[in-house]
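> One structure coming up, written as structure tokens, with questions to follow.
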Amino acid sequence: MTAGDLVFANVVDERVWASDGERGTPGVYLLNAPGRALPFRAYRAWKIGTGMVSEEIHFYGPSGRLVHRWGPEVRHMRGSMDLTVEVDLIEDVQFDETGMFLASFVIDGEIVGELEVPVYVQAGAAKLPKEVEEGFRKSDVIWVGVEAAGIRRTVPAWFAYRNGKVYVLSKRDPGPEEQSIPGVPQASELLLVTRLLVLVVRHGVHLRVSSGTD
């Protein structure tokens, strides 16, 4: 006897979700492979008997290997006569394969439904906005680091800018020989300060710009 029915499911990039919702084209995007996935939504519409269940989503790569497991999460189902809709924003996921994945939707250890989800590498922008380009052009060094709980930890860093990307070197273990940047490489979000701008970047994507100071 099956745990219930998966009426509809989708795995949608967060940007696609913002415009098309649960009916958006399935897909997950990486900026590099292997690399961290850009945020995406997992939508499920269940018909399952009333009660608490354990829910998981397994992502199998083209090789057939389990690449990522989301969950288990305990969820309350409204009953087989009603539709229980669950939507989760999934972030900070690493994928080391690209191509057509199989997403398996699991309830109490049983696979109830499956969906093919393509995982792509997204090409980065060749150029950043004009004001950002100008900020880098007029800066000899930039301040790079992290900001958490209102506390900014940044250090001056030599950098190179090319084709919309900022390149910096950071010594893995802090020391006087080479520059070491707080939060690199583990931070999911970095703060960049130029002579003209303050930028927040996440997963290599420019998110926010505000006025900076000399």
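Just so it is clear, none of the values below were taken in a lab; they were calculated from the coordinates. Keep in mind that what you see is a predicted model, and the values were worked out from it rather than measured. Positions of Cβ are backbone-derived with ideal geometry, glycine not excepted, and every protein chain shown enters the neighbour counts.
> Between R172 and R152, what FRET efficiency follows from the Cβ-Cβ distance if R0 is 22 Å, with the result rounded to 0.05? All intermediate terms of the calculation are to be shown ahead of the outcome.
On the way: r = 22 Å, r/R0 = 1.01.
FRET efficiency, R172 to R152: 0.50.
> Run through the DSSP bridge list for region 4-121 and note the antiparallel percent, rounded to the nearest 5. The partial results should precede the final answer.
Working: 43 of 46 bridges.
About 95 percent, rounded to the nearest 5.
> Give, in nm to one decimal, the length gained when the segment between L89 and E116 is fully stretched (0.36 nm per residue of separation minus the Cα-Cα distance). Don't skip to the answer; put the middle values down first.
On the way: separation 27, 0.36 × 27 = 9.72 nm, distance 1.83 nm.
Length gained between L89 and E116: 7.9 nm.
> In addition: Taking the mean number of other Cβ atoms within 10 Å as a proxy for protection, how do you rank 111-117, 87-93 from highest to lowest?
111-117, 87-93
> What are the semi-axes of the equivalent ellipsoid for region 4-121, taken as the square roots of 5 times the Cα gyration tensor eigenvalues, largest first, in whole Å?
Output for region 4-121: semi-axes of 25, 15, 11 Å.
> With θ set to phi - 60°, apply the Karplus curve 6.51 cos²θ - 1.76 cosθ + 1.60 along region 157-167 and write out the HN-Hα couplings as whole Hz, x wherever there is a Gly or Pro.
Karplus-based 3J(HN,Hα) across region 157-167 equals 9, 5, 8, 10, 10, 7, 6, x, 10, 9, 10 Hz.
> Determine, for R65, R75, the number of other Cβ atoms within 10 Å of each Cβ, and report the residues in order from fewest to most.
R65, R75
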